[in-house]
Amino acid sequence: MLEKQILMENINKIHTTELGIERIKKNLKIDGDVVDYCRNKILNKKSKIYRQGKNWYCEIHNIKITINSFSYTIITAHIL
């Protein structure tokens with residue numbers, strides 16, 4: 001639970017690149033603000049958040065979001 005708390009405390013640092021935006025939109029088949037979408041998934045009480053190596057992972061419903069743990073950059077997101 002401590003890991004989830006650390007990510008929540010840094011939720012405003014979460015961002016992505018232009019390429020990341022396009023990749024995530026394509027992978028999740030969504031329109032709109034990708035960062036807000038991912039932040040909302042991370043903030044959902046049902047989300048499973050864990051850290052492995054240099055990345056945070058958030059799994060909720062059928063989605064897995066990968067976030068760099070140092071820069072808080074959303075690397076990718078996939079439908080499981």
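Please specify each residue of the range 8-46 satisfying the condition of being of a type in the set (A, V, I, L, M) and touching a residue at least 40 places away in the same chain (Cβ under 8 Å).
ILE14, ILE24, LEU28, VAL34
May I ask you to verify whether LYS41 is charged (D, E, K, R) and closer than 13 Å to MET8 by Cα?
The answer is yes for LYS41.
Any residue at all in the range 5-15 that is at pLDDT 95 or above, part of a loop (DSSP other than H, G, I, E, B) and not hydrophobic (A, V, I, L, M, F, W, C)?
No.
For the range 16-26, which positions are surrounded by 15 or more Cβ atoms within 10 Å (Cβ to Cβ) and either touching a His at 6+ places or on another chain (Cβ under 6 Å) or outside any helix (DSSP H, G or I) (or both)?
Scanning the range 16-26 gives a single hit, THR16.
The values are calculated or read from the model by the stated rules, or taken from the named source; none is laboratory data. Being a predicted model, the structure only gives us computed values, none of them experimental. Reconstructed Cβ throughout: ideal geometry from the backbone, glycine too, with neighbour counts over all protein chains shown.
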